[in-house]
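Report on one structure; see the data block that follows.
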Amino acid sequence: MLRLDARNTHAFLADDALAKLQPTTLDAHRAVLDASGAGAEYLGWRDLLLDPNDALLEDLTSTATRIRNQADVLVCLGIGGSYLGARAVIDALTPYFPPGEPEGGRGPEIVFGGHHMSGAYVRQLLAHLEGKSVYVNVISKSGTTLETALAFRLVRDWMEAHFDDAEDRIIVTTDPERGALNALRQEKPYKKYVIPPSVGGRFSVLTPVGLLPIAVAGIDIRSLFYGAVQACQDLHTPAPVDHPALTYAALRTGLLQAGYQIEVLATFEPRLNGFGGWWQQLYGESEGKEHKGLFPAVVQYSTDLHSLGQYMQEGQRILMETFLMVEEDGGDLLVPSTAANLDGLNYLAGQTYTHVNRQAYEGTAKAHTEGGVPNLTLWLGAVNPSTVGEVIYFFEHAVAVSGYLLEVNPFNQPGVEAYKQEMFRLLRRPA
């Protein structure tokens with residue numbers, strides 16, 4: 001279960017601020033439930049949880065098992081929502097230092113590409129693949145997203161030069177009917193998974209976009225999926241306004257109205273830092289329209305307290321902060337005592353890393369509150385597939401509600417096309 005602690009925001013809002021937001025928050029929530037708001041045709045990320053497709057989960061698990069048994073490396077090509085969610089979940093739920101080699105039972109290495117245009121990266125990626133058994137999952141609705149399509153052209157050529165069964169080793173995740181990858185499949189019968197047309201990229205982690213690579217990483221996608229299903233069902237009726245997801249949406253809106261312009265997502269556990277990248281796209285692309293919305297930024301504490309801590313404490317007072325914390329974080333390693341105590345740390349002897357890290361969080365939250373940074377904390381009971389699924393849905397539902405509170409369409413991204421138009425003009429792409 002998720003728990004939201006918002007005590008450190010109270011001093012920064014008028015006493016009646018949240019009460020005034022309650023009616024509109026519930027209206028926004030109802031607009032999500034009854035699909036009456038802007039962009040409602042893109043609520044498929046909820047529909048798939050309300051009507052789970054167990055056959056698809058089984059098929060994805062079967063394909064993942066085949067890849068785990070046969071591959072040393074799975075190359076995932078995609079950008080934005082086509083890789084950020086999968087990477088976040090894989091980082092959260094797999095060991096920092098996986099034991100052994102692939103043949104030792106840990107499954108293939110998963111590498112990501114097609115999320116930038118670094119020629120050096122692609123060259124080194126192809127060199128890294130030499131001598132290995134490789135599978136590829138290319139993820140793109142249109143099949144023409146420049147970063148991904150460029151990488152796939154090079155990786156596809158490499159695969160065809162190295163494997164007689166390259167067609168069996170390449171899997172496409174794309175639109176049901178349209179796009180370049182479907183056209184390519186008329187010549188190359190690659191296995192295909194569908195991105196539902198009603199699901200935007202940044203909401204797609206619980207579709208084959210994210211679920212296939214996550215399953216290849218050895219993660220129980222059924223538990224992940226059904227953790228999100230439970231969270232969705234908990235919010236499927238007109239929920240109380242104090243439900244954590246609705247409270248989060250209302251607090252962010254209230255603080256924005258009070259003059260705070262930037263939301264910083266802070267984690268004290270490095271394996272959750274990948275969630276920051278996924279969350280950053282989800283909130284930035286959903287809310288940043290019509291000159292509205294909080295700017296989403298991500299920090300990893302305590303590391304970034306040694307680089308950005310000064311600004312957080314004493315910079316412009318335009319920041320709010322959301323801590324993503326874990327009750328059971330697996331940090332039960334004890335600090336040993338030493339006779340000489342040359343480092344002066346014997347005062348910590350017998351304490352766990354969890355305790356030390358927790359006090360760092362408590363001290364940071366208190367110092368930032370006193371320094372003028374309103375902050376709230378979302379607590380996970382533990383990091384496991386079910387709770388990670390809950391977190392995914394928590395943030396997705398909350399951003400839909402807060403988008404409607406801002407009176408923007410949280411499901412489109414018209415501004416994304418502006419840079420592409422200029423880039424393609426400079427590249428002289430044919431009309």
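With springs only between Cα atoms under 10 Å, which of 251, 48, 333 fluctuates most in a Gaussian network model of the chain?
Greatest mean-square fluctuation among the candidates belongs to 333.
At residue 123 and residue 223, where each label point lies 7 Å from the Cα along Cα→Cβ, what is the point-to-point distance in nanometres?
Simple spin-label model gives 4.3 nm for this pair.
Which ³J(HN,Hα) values, rounded to whole Hz and listed in residue order, are derived for the stretch 180-186 from phi using the Karplus coefficients 6.51, -1.76 and 1.60 in 6.51 cos²θ - 1.76 cosθ + 1.60 with θ = phi - 60°, glycine and proline given as x?
So the J values, rounded to whole Hz, are 5, 5, 5, 5, 5, 5, 5.
Each residue of the stretch 77-85 in order: what ³J(HN,Hα) in whole Hz does its phi give by Karplus 6.51 cos²θ - 1.76 cosθ + 1.60, θ = phi - 60°, with x for Gly and Pro?
Running phi through 6.51 cos²θ - 1.76 cosθ + 1.60 with θ = phi - 60° gives 10, x, 9, x, x, 7, 9, 5, x Hz.
For the stretch 235-283, what class follows from the C-alpha gyration tensor (a ≥ b ≥ c being the square roots of its eigenvalues): rounded when a/c is under 1.5, otherwise prolate if a/b is larger than b/c, else oblate? Mind showing how you got there, number by number?
Numbers: a/c = 2.38, a/b = 1.32, b/c = 1.81.
Oblate shape, in that a/c is at least 1.5 and b/c is the bigger or equal ratio.
Could you pull out the pairs from 141/191; 141/420; 289/366 whose alpha carbons sit more than 21 Å apart here? Spell out each step's value before the answer.
Numbers: 141/191 15 Å; 141/420 16 Å; 289/366 33 Å.
Long pairs (Cα-Cα over 21 Å): 289/366.
With springs only between Cα atoms under 10 Å, which of 141, 132, 292 fluctuates most in a Gaussian network model of the chain?
Top of the fluctuation ranking is 132.
Using the alpha-carbon centroid of each, what span in Å lies between the stretch 1-68 and the stretch 272-347?
So the separation of the two Cα centres works out to 23 Å.
Amide H to amide H, which residues 5 or more places from residue 243 or on other chains are under 5 Å from it, using H placed in the peptide plane?
Amide H neighbours of residue 243: none.
For a test of the definition: using alpha carbon positions, the gyration tensor, and the 1.5 limit on a/c, classify the stretch 274-431 as rounded, prolate or oblate. Walk me through the numbers before you get to the answer.
Values: a/c = 2.24, a/b = 2.08, b/c = 1.08.
Prolate shape, in that a/c is at least 1.5 and a/b is the bigger ratio.
Report ³J(HN,Hα) in whole Hz for each residue of the stretch 276-288, in order, from the Karplus equation J = 6.51 cos²θ - 1.76 cosθ + 1.60 where θ = phi - 60°; Gly and Pro get x.
x, x, 5, 4, 4, 5, 4, 7, x, 7, 7, 10, x
List every residue whose amide H lies under 5 Å from the amide H of residue 137, counting only residues 5 or more places away in sequence or on a different chain, with H placed 1.01 Å from N in the peptide plane.
Residues meeting the criterion, in which the H sits 1.01 Å from N, are 75, 76, 77, 171.
Once you order the gyration tensor axes a ≥ b ≥ c over the Cα atoms, which shape class does the stretch 378-428 get: rounded for a/c under 1.5, otherwise prolate or oblate by comparing a/b with b/c? If you can, show how the numbers build up before the last one.
Working: a/c = 5.15, a/b = 2.00, b/c = 2.58.
Oblate is the answer for the stretch 378-428, as a/c is 1.5 or above yet b/c matches or exceeds a/b.
Given the chain, what percent of its DSSP beta bridges are antiparallel, to the nearest 5? Walk me through the numbers on the way to the answer.
On the way: 5 of 42 bridges.
The antiparallel proportion sits near 10 percent.
Between the stretch 213-263 and the stretch 110-178, how far is it from one alpha carbon centroid to the other, in angstrom?
Going from one Cα centre to the other spans 32 Å.
Among 91, 343, 332, which one shows the highest mean-square fluctuation when the chain is modelled as a Gaussian network with alpha-carbon springs under 10 Å?
343
Read-outs throughout are calculated quantities, based only on the coordinates presented, and are distinct from any laboratory measurement. Source: prediction; values computed, not measured. So basically every Cβ, Gly included, is an ideal-geometry build from the backbone, and we count neighbours across all protein chains shown.
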